[in-house]
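None of the figures in this text is laboratory data; all of them are computed from the coordinates on show. Note that this is a predicted model, so its numbers are computed, not measured. FYI the Cβ positions are ideal-geometry reconstructions off the backbone, even for glycines, and counts take in every protein chain you see.
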Amino acid sequence: MKLEQESIKMAIILIVEDSKVGKHYQQQIEARGHTAFWYRSGTEAEKELEAGLKYDMAIVDHSLESADSQSIGGEELISRMKNLYPDKPVICISGCYAINRADMLVLKPCLFGDTKGELERAIESALRKIRQQAKPKRKR
């Protein structure tokens, strides 16, 4: 399944530590005409959000490390993002089913163009939600 070329261009935040996976996601999202902001830590992403970074949806790796008191783990970051922007879709990529506040879960391994296409379907679902929110409301 291929992501549609949309008239709605999205800004997608990627929070993925793994350089190979992060680079792959960024390239695939940008190849589809969207903007990708890639961060390797929850702390780095949160600083940008607090500074006013505008985005349409997020993809967060559940397994982000929170090795010290300065780092933010994936689950904590998702919770903070949903508190700040409850209407923004968040896709959690995880090796397990344990997620709290994400809108969608995609199980690892998940790469663009894989035979299951789970990540692409999750992004398409988020696009539909954004399109619905962008439609003008009809007056009765």
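How much net charge surrounds Ser19 when only the other residues with a Cβ under 13 Å from the Cβ of Ser19 are counted, with Lys and Arg +1 and Asp and Glu -1? If you can, show how the numbers build up before the last one.
On the way: positive: Lys20, Lys23, Arg40; negative: Glu17, Asp18, Asp61.
With Lys, Arg at +1 and Asp, Glu at -1, the neighbours total 0.
Amide H neighbours of Leu14 under 5 Å, at least 5 residues apart or on other chains, H built in the peptide plane: list them.
The list, which skips near neighbours in sequence, is Phe37, Trp38, Tyr39, Ile59.
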